[in-house]
Amino acid sequence: MPTVVIRFLGVFLLIVVGLIGQPSLNRAETAGEYQVKAAFFYHFANFVDWPHSTFTATNGHLRICVMGQDPFGPTLDATLSKKSVRDHPFEILRNPPTSNLQHCHVLYLPASDSSQIHALRPHVAKGDVLTVGETLEFMKQGGMVQFFLDDQKVQFAVNTDAVNQTQLKVSSKLLRLAKIYRP
Amino acid sequence: MTHRLGTDGFPHPINKVAIHIGLVSLLLFFLAGTASGNNVDPSTNLDLTELSLEELMSVEVTSVSKKKQKLSESAAAIFVITQEDIRRSGVTSIPEALRMVPGLQVARNSKNQWDITARGFNERFTNKLLVLIDGRTVYNPLFAEVTWETQDTILEDIERIEVIRGPGGSLWGVNAVNGVINIITKKAQDTQGLLVSGVAGTEEGIVSIRQGGSHGSNLHYRLFTKYFNRDDSFNAMGAHDDTRLFRSGFRTDWEPASQDRVMVQGELYTGDGGQQSTVATTSTFPFGFTTGNEDLRMSGGHVLTRWEHTWDSESDMALQFFYDRYERSENTIKATIDTFDVDFQHRFGFFSNQELLWGVEYRYWMDDLQNTAGASAFPDSRSFTLLSGFLQDEITLIPDFLTVTLGTKLSHNDFTGFEYQPSGRFLWKPIEGHSVWGAVSRAVRVPSRLEDNSRLTFAPNANTPVPTRFLGNQEFKSEELLAFEVGYRLNTFERFTIDITGFYNQYDNVRGTRVITLLPPTGTLENNLTVDTIGVEIASDVQLQDWWRLRGAYTYINMDVDGPVNSSLNTTGGNTPHHQGSVRSLISLPYQVEFDSWIRVVDRLSAPNIASYVELDLRLGWKPWPNLDLSVVGQNLLDNHHPEGSPSLFLATQPTEVQRSVYGKVTWRY
């Protein structure tokens, strides 16, 4: 074997041996975008107060309605199905009839269906529904919460004017972390 | 199972085969669709709701679109040239940027021609490298080579260039024997607004204009045009290698839904160049030759569309179609080639620890040649089909510790019939930040059009001491490679990373030459060489200070060529340097000033005899306003001129020498 190769193999081995014992630095955690977004719903439910009348019972379901094409796959159910917030277990409904939308606590519109908010608003306006979407267009049309990515991290914006038109109470902690949307 | 074409150029049992493979694929597709439908995301056992909202907001997400594989997590020798690398290296063309990659041999043959290869066998018509631009194979089936002189775009619009050394055979095309170069341009949404860039210097002038825009929130586009004019380089007998190229194109990215992306791009180019050549005037003995300057014309274009659909982070698919037109005219050869290509890929996870990637590709091309005394191919117009499929299973044996990838590609081509190219890889991460990988793979390089059936007449040159006529060989087989690779990567520390790869390659049936008759001197091409190569490649990145970064690369390669005498033994191994090293220093100074330097050392070549050289590039950049970039760059500063390239076996063109150059550049964005 040529001496150059032997020399480099030597260097290689030295580096491996020398560094293998070194403690590793903490690396930024990574996860799938929709896994993270699913967990956000848990926190939204925690930091938003719905009127008691919106629940069928004191331990009634907190209904999350996903409209259009569901980008979560099985993730949303896996994240929330065994969880509850203030004794309200989560219930996930996909594309319920529009006449029932007022009974949703959270209504989520994926980016592909953002423009639908315009058509859905009259139905939603009959109840106290936190609307969550993915695009700026969604917010312009009166959506309440928008996910966006900043430097590969999921952030969110809140349209306080739209929230204030309902009986929903958003905690100041949530607002402090949110980017406030101004039309 | 070998199906060969007759001289009529028409097939053969491929049609039946195609139908069967088509049906099987369709079946597979439905099976796969069901599988992905039932697929359960294995990573959901990680409970993110336990994180506080603040913590959740600082989790970096991997996009749902194609799972981005971290560099440290690939079981292959990968090097990525980023946009920042391109900008700060001061290069004005894609081939020049490739000089920073360990394991690649890059030699400038003339102002308009390049010799580029990975892991040896360098020459003008390097045939063991696959180059893709945004998924489009840039492959000239006449010589099985890449016509580098016409591969270009606005350099600011390149997102990155991924270079994978070693056989990518299980996933990529039939000439991905020694490496794959993947040039990826930015999405249209990342190139919005106007960009105007101008380069003026002693060797070249370049103007680039790009305008990006959007329609609604999910349709983005860009239009671009670029022109360059490069002047003669040096040759004692006169170089005559000045070249100009004008290109114009567009790219549109449309995201109708969060899970669908449609990309359409197209481009046209036209240009000319020159060379010094010795061209045969008659192909009968005694041969006549004329030496002189000649002009060559090149033009072409392509249109490509790709649809990507994502089901979830574990499964997605891509369907791609492209058409490419290639036209080239010079004294020895005039050719047009039309290529149609359809490519489908599908990825899905199953059994919680496996990820399957499979795909099928169908390519059809037809060419039209004007035969000359110097170079003729028979028949002068011919069409070909290439059908290939691949299957790769990535098995996570122990999460974050050990992954094994098994795959194979099966393809059918018109020259040698069926070819299989399996590979097995592992990635072992003993400790966070350290990874060790290894691979054993088989790859083949299928014959080119000219190797199969042609007549080439050469003046005396480095390969043949007397005027010689070469005939193609219809029995020419695929060149075969069995490759063994190991690698180690360290990226525990933010300020220091190192990537070391070692390989041992065994080639069989490598192209050599054989004398048929001494009078008239006639030779043919034959698979009569065996080659063993061994090599080490090192890339390292050191952040010495926040403002000072060093990037180094070193390559060692030794080629051991064995075969009968008079079989081009010397030239096969002799045009690859044993040692190559380069160090780039990137210094960021106050007031938005950058000072970058790049030293390259390249060992001598033995055949042809080319001396070793050391070259230095310097760049001084200044960004007085956020939308204005100014720079002054000196390239190849240590010599007035130095030779790099070797003459080719196929076309007797005269390599020229690379000259010192200085240029100024202005880039304005609005």
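If the condition is being aliphatic (A, V, I, L, M) and modelled with pLDDT of 85 or more, then the stretch A:126-145 contributes A:VAL129, A:LEU130, A:VAL132, A:MET139, A:MET144, A:VAL145.
In the stretch B:414-427, the count of residues that are within 26 Å of the chain's Cα centre (by Cα), among the aliphatic types (A, V, I, L, M), surrounded by fewer than 20 Cβ atoms within 10 Å (Cβ to Cβ) and at pLDDT 90 or above is zero. Could you say which residue among B:VAL207, B:VAL177, B:VAL196, B:VAL163 is more than 25 Å from the chain's Cα centre (by Cα) and either at negative phi or assigned to a strand (DSSP E or B) (or both)? Going through B:VAL207, B:VAL177, B:VAL196, B:VAL163 in turn, just one is more than 25 Å from the chain's Cα centre (by Cα) and either at negative phi or assigned to a strand (DSSP E or B) (or both): B:VAL196. Filtered by the rule that a residue be in a loop (DSSP other than H, G, I, E, B), closer than 19 Å to B:ASP232 by Cβ and either among the basic types (Lys, Arg) or free of Cβ contacts under 8 Å to residues at least 24 places away in the same chain (or both), the stretch B:108-124 gives B:LYS111, B:ARG124. Restricting the search to strands (runs of 3 or more DSSP E) fully inside the stretch B:492-593 and requiring at least 2 residues that are more than 27 Å from B:GLU84 (Cβ to Cβ), of a type outside the set (A, V, I, L, M) and modelled with pLDDT under 95 gives B:496-517, B:522-545, B:548-562. Among the residues of the stretch A:84-110, the one identified as closer than 16 Å to B:THR49 by Cα, modelled with pLDDT of 90 or more and either surrounded by 22 or more Cβ atoms within 10 Å (Cβ to Cβ) or of a type in the set (S, T, N, Q) (or both) is A:PHE90. Within the stretch A:129-140, the set of residues being assigned to a loop (DSSP other than H, G, I, E, B) and either within 12 Å of chain B (Cβ to nearest Cβ) or surrounded by fewer than 24 Cβ atoms within 10 Å (Cβ to Cβ) (or both) comprises A:GLU134, A:THR135. For B:PRO95, the requirement of being modelled with pLDDT of 70 or more, under 28 Å from B:GLU485 (Cβ atoms), within 13 Å of another protein chain (Cβ to nearest Cβ) and buried (at least 18 other Cβ atoms within 10 Å of the Cβ) is not met.
In this structure, B:ASP452 qualifies as more than 14 Å from every other protein chain (Cβ to nearest Cβ), under 29 Å from the mean Cα position of the chain (by Cα), within 18 Å of B:ALA377 (Cα to Cα) and of a type in the set (D, E, K, R). Out of all the residues in the stretch B:242-298, which are crowded, with 20+ Cβ neighbours inside 10 Å and among the charged types (D, E, K, R)? Scanning the stretch B:242-298 gives B:ARG247, B:ARG251, B:ASP253, B:GLU255, B:ARG261, B:GLU267.
Yes or no, residue by residue, for (1) of a type outside the set (Gly, Ala, Ser); (2) in a helix (DSSP H, G or I); (3) more than 10 Å from every other protein chain (Cβ to nearest Cβ); (4) under 25 Å from A:ARG182 (Cβ atoms):
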residue: A:CYS65; (1), (2), (3), (4): yes, no, yes, no
residue: A:ILE92; (1), (2), (3), (4): yes, no, yes, no
residue: A:LEU107; (1), (2), (3), (4): yes, no, yes, yes
residue: A:SER114; (1), (2), (3), (4): no, yes, no, yes
residue: A:PRO122; (1), (2), (3), (4): yes, yes, yes, yes
residue: A:GLY142; (1), (2), (3), (4): no, no, yes, yes
residue: A:PHE148; (1), (2), (3), (4): yes, no, yes, yes
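Looking at B:VAL196, is it among the hydrophobic types (A, V, I, L, M, F, W, C) and over 30 Å from B:ASP414 (Cα atoms)? Taking the combined requirement at face value, the residue satisfies it. Output yes when any residue across the stretch A:20-39 is closer than 30 Å to B:ILE534 by Cα and either at pLDDT below 60 or not aliphatic (A, V, I, L, M) (or both), and no when none is. There is at least one residue in the stretch A:20-39 that is closer than 30 Å to B:ILE534 by Cα and either at pLDDT below 60 or not aliphatic (A, V, I, L, M) (or both).
Tell me, which residue of the stretch B:309-332 that is within 30 Å of A:ALA38 (Cα to Cα) and not charged (D, E, K, R) is nearest to the other protein chains (Cβ to nearest Cβ)? Checking each candidate, the answer is B:SER313. Of all the numbered requirements in (1) under 30 Å from B:LEU618 (Cα atoms); (2) without any contact (Cβ under 8 Å) to a residue 40 or more places away in the chain; (3) surrounded by fewer than 18 Cβ atoms within 10 Å (Cβ to Cβ), B:TRP548 misses one, and that requirement is (2).
Every condition in (1) part of a strand (DSSP E or B); (2) among the aromatic types (Phe, Trp, Tyr); (3) surrounded by fewer than 20 Cβ atoms within 10 Å (Cβ to Cβ) holds for B:PHE224 except the one numbered (3). Could you tell me which residue of the stretch A:145-162 is surrounded by the fewest Cβ atoms within 10 Å (Cβ to Cβ), considering only residues that are in contact (Cβ under 8 Å) with a residue 24 or more places away in the chain and not aromatic (Phe, Trp, Tyr)? Looking at residues that are in contact (Cβ under 8 Å) with a residue 24 or more places away in the chain and not aromatic (Phe, Trp, Tyr), I get A:LEU149. Of all residues in the stretch A:107-136, those satisfying the criterion of being among the charged types (D, E, K, R) and in contact with a helix residue (DSSP H, G or I) (Cβ under 9 Å, 6 or more places away or on another chain) are A:LYS126, A:ASP128, A:GLU134. Condition (residue is in contact (Cβ under 8 Å) with a residue 40 or more places away in the chain, more than 14 Å from chain A (Cβ to nearest Cβ) and surrounded by fewer than 16 Cβ atoms within 10 Å (Cβ to Cβ)) applied to the stretch B:554-564: is it met by at least one residue? Yes, some residue in the stretch B:554-564 is in contact (Cβ under 8 Å) with a residue 40 or more places away in the chain, more than 14 Å from chain A (Cβ to nearest Cβ) and surrounded by fewer than 16 Cβ atoms within 10 Å (Cβ to Cβ).
The values are calculated or read from the model by the stated rules, or taken from the named source; none is laboratory data. Note that the structure is a prediction, hence the values are computed from the model and not measured. Using ideal geometry, Cβ is built from the backbone for each residue, glycine included, and neighbour counts are taken over all protein chains shown.
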